[in-house]
Structures are given as structure tokens and as C-alpha cells.
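This report refers to the structure that appears directly beneath it.
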Amino acid sequence: MRFIPGGTFIMGSNNFYPEEAPLRNVRVDPFWIDAAPVTNGDFCRFVAATGHVTEAEMTPDPADYPGMSPGMDRPGSLVFRKSSGPVDLSDPSNWWRFEFGADWRHPLGPESSIEGSEDHPVVHLAYADAEAYAHWAGKALPTEAEWEYAARGGLESAEYAWGDELAPSGAMLANYWQGLFPYANQCLDGWEGTSPVGSFPANGFGLYDMIGNVWEWTQDWWSAPAARAKKARQSCCMTSNSQEKYRSRSYDPEQPGIRIGRKVLKGGSHLCAANYCQRYRPAARHPETVDSSTNHIGFRCLVREPILT
């Protein structure tokens, strides 16, 4: 783990996606955070010690998913499948497939394995799975503000974790998609999918893979830009521990029949590309239902410094 000193920083960005605004001053208390995402090897030890079964390995309850198609009540998870050519980028079903038997041990489908990939980030974990691991390890998941502060590595208002240029002098500093998503990945960074943690340079705080590789769960419930703007107007200096208290505010308005809360993901992944998802930045954020698991979502943990009085 790495120690992150407390401080105040400018959170968010006005230069990319509306959900990242507005810019606001946020204070975080000191904490320790994992130097890299939790790996397959780490999670394997957790499962061996506890017998934990992930949500992707359990049969979904049709009552939780109104309109579920017959035969879909089987364990599985979402797996990325590259398209053969250009597709409608507004329709994620063009590259995501729900595959029976896909889980953290079988990240690319039931015939795949994590053998030889023990140092890659563990994936196919729902929020509850990440939280269970953190509890077992005596740690916690970071808030969105804590995560972003750590990802910035001490750089004030920089667009990326290393400065304002994505690939300075052509250097690949993170695992993201180079080329046209979702069909032409040039792999200039050397990786088609996930990469071993620590394959790219650490940021100013000594943290690896805060950008790209896998998205990471945070504790915060998703909130829309309007709610965030209201909170920013109410306080010039919010604390990192002031999370959205109302799960219902995080529900997806485009799916009124699904009453499943959404948490904030941070950091982007190996599937983020310039033509589709420029979220390989500290300020970037994305909503994800807590029951979701995919082959590009992982997590890391932290330990908060006790406040001495």
C-alpha cells in the first residue's frame, strides 16, 4: 500500500463529459491505498480462505429482472467481443455478450482460464464481491473523491495522471485502446486485454494502473450533474466521506422497471478509446449497477488513517 497525505484538490473536469462537472474544491483525509488493483492471485487466496461465491457464479433471481428472457436465469457475466467492423456506438450490445459460465476464473468465457494470469487484475466482480474482499482484508473501498485524489498523483488539474498529454512523445503510459473501437485495436501499448498490474509507470504517489487496464469500483452512489452542481454550490469544500445518501437517486431513469442502485466506477479500462470513451483520466466517472460484472471492471482497497483527538 502507499500512503496518501490528506489535502484539498480541484475535483472534476469541464473539458470532456458533462457528468464530470462542475469543478469543485474537495478535501480528503490521509489514507493508505493499494499500489495496484487486486489481482487474480489475491482474489484466489480470498476465495480459498472464505469460500466466497461471486454473483456471476450464482443463478440470478428472475424477480429482480422484470422481462428476463426465458433461459437467461443461469450464472454468467458480460464479456467483450470485438466486432468485425464499424458498428453503431450507441448500442453496447454490438460488443458486449452475456455469456453463461463467464466469471472471475473464466474471464473470457467458460473455456478460458486465469492460469498464467495471476498478476492480472481480477474481473467479473459485482460491487458486493469487491466489498466482501475488502472486509476480509481489513480494508475498505475508496470514495470517488479519495480515488480521484490518489489517481492525480499530486498533479493539480492535469487531464491525465501524468500531465496534459495522453501519449507524450508517443509513450504509452497506460493500458487503453489505440485505434478505432470496437474493431481495430492497434495494441501500441502491447496488450489486447488486461495487463499484469504494474506494467506501466506509477503516478506521483507510486500507484499503478489508476488509469486504464480495468475500471474500479468506488463506494459512492452515482449522482447526476445537476445534483453534483447543487452540492458544489452548497459547500465550497466538501469532504471525501460525504457520499450520496439516497440509493434511489442512482437508479437508471432509462430503465424504470429496474430498481438496482448504481455506483461510480473510476479510471477507465483497456476498452477506452479516443473515438468512443475517453475516460482514461482521473476526473472520468461512469455509473454501473451494483449487480453488474464484466471482464473490464476490478477494484482496489484502502485503509483510512484514524483521526486522533
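The values are calculated or read from the model by the stated rules, or taken from the named source; none is laboratory data. Computed from a predicted structure; not experimentally measured. With ideal geometry, Cβ positions are generated from the backbone for all residues, glycine too; neighbour counts draw on all protein chains shown. Just the protein is used for accessible areas: all its heavy atoms, side chains included, with ligands, DNA and RNA removed. Shrake-Rupley method; radii C 1.70, N 1.55, O 1.52, S 1.80 Å.
Recomputing Cα extents along the principal axes in Å from the coordinates shown identifies the correct label among (i) 95, 57, 49; (ii) 53, 46, 41; (iii) 75, 44, 33 as (ii).
The residues of the chain expose, per residue, 45 Å² of accessible area to a 1.4 Å probe. Whole-Hz Karplus values for region 262-278 come out as 10, 9, 8, 9, 10, x, x, 8, 5, 9, 7, 9, 4, 8, 9, 9, 7 Hz, taken residue by residue from phi with 6.51 cos²θ - 1.76 cosθ + 1.60 and θ = phi - 60°; glycine and proline positions read x. A Cβ-based charge dipole, computed about the Cα centre of the chain with Lys and Arg at +1 and Asp and Glu at -1, lands at about 940 debye.
Note that region 1-131 carries a Kirkwood radius of 18.2 Å, evaluated over its alpha carbons pair by pair. With every protein chain in place and a 1.4 angstrom probe, the accessible-area ranking of S117, S69, S90, S250, largest first, reads S90, S69, S117, S250.
Quick one: pull the percent of accessible area on the chain belonging to carbon and sulfur, 1.4 Å probe, ligands and nucleic acids left out. Accessible surface attributable to carbon and sulfur in the chain totals 53 percent. What the Cβ-Cβ distance of A274 and R249 gives, at R0 = 35 Å and to the nearest 0.05, is a FRET efficiency of 0.65. Here the spin labels are modelled as points 7 Å beyond Cα on the Cα-Cβ line, and at E305 and D91 they lie 5.2 nm apart.
Ranking M58, S169, S112 by Cα position along the charge dipole of the chain, where only Lys, Arg, Asp and Glu carry charges on their C-beta atoms, puts S169 farthest toward the positive end. In units of the rule-of-thumb radius 2.2 N^0.38 Å, region 183-225 shows an alpha carbon radius of gyration of 1.50. Ranking of D291, D209 by solvent-accessible surface, largest first: D291, D209 (1.4 Å probe, protein heavy atoms only, all chains present).
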